[in-house]
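The values are calculated or read from the model by the stated rules, or taken from the named source; none is laboratory data. The model shown is predicted, which means the values in this text are computed figures rather than measured ones. Backbone-built Cβ (ideal geometry, glycine too); neighbour counts: all protein chains shown.
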Amino acid sequence: MIATLAEFKSYLWITDSSQDTVLQLIIDWANKTIVNYIGRNIESDDYIEYIDWNAQNSILLENYPVSGLTKIENNTWTLDNPVWETVEASSYKLSPNDWRIFLLFNLIRGFQNYKITYTAWYTTIPADLKLATLKLASNTYNTQDGIKSESVNWDRLEFITSMSNDVISILNSYKDLDV
């Protein structure tokens, strides 16, 4: 979860619990909307990725940033009956700047023949991402039924969009990258 109910209430300066049910719905929606927009889960978790090796000198992982690389294993048998052998840690290096693993040796070409176990994403959610979530939730809370303004004679309705430009700007730096 990017932002909690307590953080949302603090952001709105709400101290009582009379609106907790609706506030929880809004913050849950905002958290889910942010994750969907980014295109990835952003909370720290362990992942296992199977890759096809085709002679590159680096491996791009699906989830990033990578906070820990547990191991790389090579399938020495078949897809139906894999036998996994651990690759020496001294033969690869995790880039400190992104989610790439640089290889210091030549891997064996094959289909689904390498298994990488690693930890990715954030143990502490970045402040700007948390703020974007709170802003999105606040915008929803402060606009009733999505109507920003209306005229008396109904000749003009202005609807507010769910995400403001400042929220989108923050989220785009975390958005799913095409690699």
Is it fair to say Asp52 is in a strand (DSSP E or B), within 16 Å of the chain's Cα centre (by Cα), over 24 Å from Met163 (Cβ atoms) and of a type outside the set (Gly, Ala, Ser)? no
Would you mention how many residues in the range 65-81 are touching a strand residue (DSSP E or B) at 6+ places or on another chain (Cβ under 6 Å) and either free of Cβ contacts under 8 Å to residues at least 24 places away in the same chain or not assigned by TED's automatic domain parsing to the domain that holds Asn113 (or both)? 1
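Would you confirm, using the coordinates I've provided, whether Lys9 is without any contact (Cβ under 8 Å) to a residue 24 or more places away in the chain, surrounded by 14 or more Cβ atoms within 10 Å (Cβ to Cβ) and in a strand (DSSP E or B)?
no
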Report, by residue number, each residue of the range 90-131 that is in contact with a helix residue (DSSP H, G or I) (Cβ under 9 Å, 6 or more places away or on another chain), modelled with pLDDT of 85 or more and either among the acidic types (Asp, Glu) or not in a loop (DSSP other than H, G, I, E, B) (or both). Tyr122, Asp128, Leu129, Lys130, Leu131
For residues that are over 10 Å from Ile2 (Cβ atoms), within 9 Å of the chain's Cα centre (by Cα) and not small (Gly, Ala, Ser), scanning just the range 39-49, find the one that is surrounded by the fewest Cβ atoms within 10 Å (Cβ to Cβ). Asn41
Quick one: which residue in Ile34, Ile72, Ile26 is over 19 Å from Ile170 (Cα atoms), at pLDDT 90 or above, crowded, with 17+ Cβ neighbours inside 10 Å and in contact with a helix residue (DSSP H, G or I) (Cβ under 6 Å, 6 or more places away or on another chain)? Ile26
